[in-house]
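Below: one structure, written as structure tokens.
The values are calculated or read from the model by the stated rules, or taken from the named source; none is laboratory data. The structure presented is a predicted model; accordingly, all values stated were derived computationally and were not measured. Here the Cβ positions follow ideal geometry from the backbone for every residue, glycine too, while neighbour counts run over all protein chains shown.
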Amino acid sequence: MRFYELLSDPDPARAAAATTEMLGMRTIVIANLEAAAANP
């Protein structure tokens, strides 16, 4: 599942960026998590 992949990325900065983005969401948007992980 892409959601789990983003939050458990081996790169701690990418995982943290995706987690931070997710915590600010009311509705989880995978595209926004991917964008955050791409630009930690």
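Summary table below
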{"item": "Condition check for R14: basic (K, R), touching a helix residue (DSSP H, G or I) at 6+ places or on another chain (Cβ under 6 Å) and modelled with pLDDT of 90 or more", "result": "yes"}
{"item": "Scope segment 1-33; condition surrounded by fewer than 15 Cβ atoms within 10 Å (Cβ to Cβ) and touching a Lys or Arg at 6+ places or on another chain (Cβ under 9 Å); matching residues", "result": "I30"}
{"item": "Qualifying positions in segment 9-27 - part of a loop (DSSP other than H, G, I, E, B) and either under 9 Å from the mean Cα position of the chain (by Cα) or in contact (Cβ under 8 Å) with a residue 24 or more places away in the chain (or both)", "result": "D9, D11"}
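Yes or no, residue by residue, for (1) out of contact with any Phe, Trp or Tyr (no Cβ under 8 Å at 6 or more places or on another chain); (2) among the hydrophobic types (A, V, I, L, M, F, W, C):
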| position | (1), (2) |
| --- | --- |
| D9 | yes, no |
| A18 | yes, yes |
| G24 | yes, no |
| T27 | yes, no |
| L33 | no, yes |
| A36 | yes, yes |
| P40 | yes, no |
